1. Hey, Arg402 hits all of (1) of a type in the set (D, E, K, R); (2) farther than 21 Å from Ile370 by Cα; (3) out of contact with any Ser or Thr (no Cβ under 7 Å at 6 or more places or on another chain) but one; which does it fall short on?
2. Of everything in segment 432-457 that's farther than 20 Å from Ala314 by Cα and out of contact with any strand residue (DSSP E or B) (no Cβ under 8 Å at 6 or more places or on another chain), which residue is nearest to the ligand (Cβ to nearest atom)?
3. Can you name the number of the only condition in (1) free of Cβ contacts under 8 Å to residues at least 40 places away in the same chain; (2) within 12 Å of the ligand (Cβ to nearest atom) that Tyr463 fails?
4. Hey, Glu339 hits all of (1) more than 19 Å from Cys406 (Cβ to Cβ); (2) assigned to a loop (DSSP other than H, G, I, E, B); (3) at pLDDT 60 or above; (4) open to solvent by 60 Å² or more (accessible area, probe 1.4 Å) but one; which does it fall short on?
5. Looking at Val114, is it closer than 18 Å to Ala151 by Cα, at pLDDT 90 or above and either part of a helix (DSSP H, G or I) or open to solvent by less than 30 Å² (accessible area, probe 1.4 Å) (or both)?
6. State which residue is modelled with the highest pLDDT when the search covers only segment 27-39 and only residues that are loosely packed, with under 12 Cβ neighbours inside 10 Å and part of a helix (DSSP H, G or I).
7. Tally up the residues in segment 158-180 that are in contact (Cβ under 8 Å) with a residue 24 or more places away in the chain and either part of a helix (DSSP H, G or I) or open to solvent by 60 Å² or more (accessible area, probe 1.4 Å) (or both), please.
8. Residues of segment 185-210 being out of contact with any helix residue (DSSP H, G or I) (no Cβ under 8 Å at 6 or more places or on another chain) and either at positive phi or assigned to a helix (DSSP H, G or I) (or both), which ones?
Amino acid sequence: MDIPTEQPIGRPADDAAGQAVRQPSGQPEGRVAAAVAAAVHAVREIATVGEIPGMSDDALLAAVAAIEDVGRAVDAVRVAVSSEVVERSRPSLGSERLSRRKGCRNGYELLARVTLVAERTAVARARLGASILPRQSLPGEVLPAKLPLVAEALDAGALGLDAVSAITSMFAVVAGRAEPGLMRAAERALVGSAVGVDADTGEQVVPFTADQTRVQAVQWQTVLDPDGVQVDEDHARVGRAITKTGSHGGLIRYRMELLPEIAGRLERLFDACLTPKVTGRFLTPEEQAEALVTGDERTPAQQRHDVFAAILDAASRSAQMPTIGGAFPTVLVSVDAKELQAGTGAGWIDGIEEPVSMQAVKQFACTGGIQKGYFGPNGRLIALGSPDRGFTAQQRRGITLRDGGCIIPGCSIPAGWCETHHVEEHSRGGPTHIDNGVLLCWHHHHTIESSGWEIRMRSGVPYVRPPVWIERERTWRRATKARTRCGTKTATTISRT
Ligand SMILES: [Zn+2]
């Protein structure tokens, strides 16, 4: 750390604390106050002498690690004092409880008021303390710590709160179901890995991050409580759910509680279709070029939504899908023909209360087709036009053979999940013909009018050109991802200018 040697970080606090300890009064109040004042002074000193922007990379990282040491030491004391406040505010003390005497409903509220932290933070600190630290059962009698090694490592500033809570929350789950000897072995192994000591050999090893500790704790859980996995799974099976929880700001909310294997399959589908930068993989040069070409500015959450839309599209087209009244599950959207023509107003999806934009209606019409109904002045349906079914399955197979997937360069949504788009709008006379249909994923179809990407058919072959903010020259390029045409890779290797 680039801190002048004549002024080491630790010394002022040590000295001040040492003086405080040597004070003849011997009152804990005085010693704590002096130590805290010295610690605060020392930490402020670090901020001013550190000159952070001028530090070298290595010095900066060393400083980050050293400051975290300070944070851990502070956290250990915070946990201890917080759980003591809650202990003194326990309901069994009646009107004598600390929180009551200070006018608060419980210890957590008292902590929040005194420290100004969020109440959930106060709860987390106090509960963490209660789960590991020794407790007085009767005045003068101190029970042993519930997790002595965790308590010791926390106290020594070697374990951070994230790691501690990863370990304690696992032990809380298996408590009373695991064999005591195994519990001790698990605690030794978990604390050892987290502080960087091999529990068997005592050798120094690279310490685990809190996230790695959490994963390791879950593995130990299956050892400590092997039946628990089945019990948990049985509970989970009962609890599995997809629930519609309401709507807000034009979005319909769902809560999904998925079994691990279902979540795993969903993640695999997301991974396969998200842009590489989202999945955090290292990119090949070709993928880098693609990522630039796509100019994808969607957040990972938005991308997952769009992949989900594509999955639904594929599922509803699947021949295995159960039919409703003899037809594939069809989404009905009603809209006023004049409004559709004018491009203003809203459409209504059967079974959903919220309106959808004309943009979304057009997308439905482009892919799914239209059937016109004619109403008389009294609201009676006078005539029903013949349905325009959109592209047939056979036409779609042909288009898939030609396009191979969403034709926007860099987009990885596969053909089976794409919608068929009329290049020349159907309402403007564009035919439902292979030479006028291309594959677009839900997202690129939804944004085709606003994204700046343009599509043109030349003798039955789709060409695309990027928006000006991706490529100034806006060159038309032949677009295909068909495996049989891998010689034509130009569309995926252009770079952003
Ligand atoms: Zn796409």
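The values are calculated or read from the model by the stated rules, or taken from the named source; none is laboratory data. Predicted model, so just to flag it, every value in this text is computed and none were measured. Because the Cβ atoms are built from the backbone with ideal geometry, glycine has one as well, and the counts that use them run over all protein chains shown. Surface areas here come from the heavy atoms of the whole protein model, side chains and all, with no ligands, DNA or RNA. Shrake-Rupley method; radii C 1.70, N 1.55, O 1.52, S 1.80 Å.
1. Tallying (1) of a type in the set (D, E, K, R); (2) farther than 21 Å from Ile370 by Cα; (3) out of contact with any Ser or Thr (no Cβ under 7 Å at 6 or more places or on another chain), Arg402 fails exactly one: (3).
2. Within segment 432-457, the match that is nearest to the ligand (Cβ to nearest atom) is Ser451.
3. It fails just one condition, (2).
4. (2)
5. So Val114 fails the test.
6. Here the answer is Glu29.
7. Final tally of qualifying residues: 16.
8. Ala185, Gly192, Gly196, Gly202 - these are the residues of segment 185-210 that are out of contact with any helix residue (DSSP H, G or I) (no Cβ under 8 Å at 6 or more places or on another chain) and either at positive phi or assigned to a helix (DSSP H, G or I) (or both).
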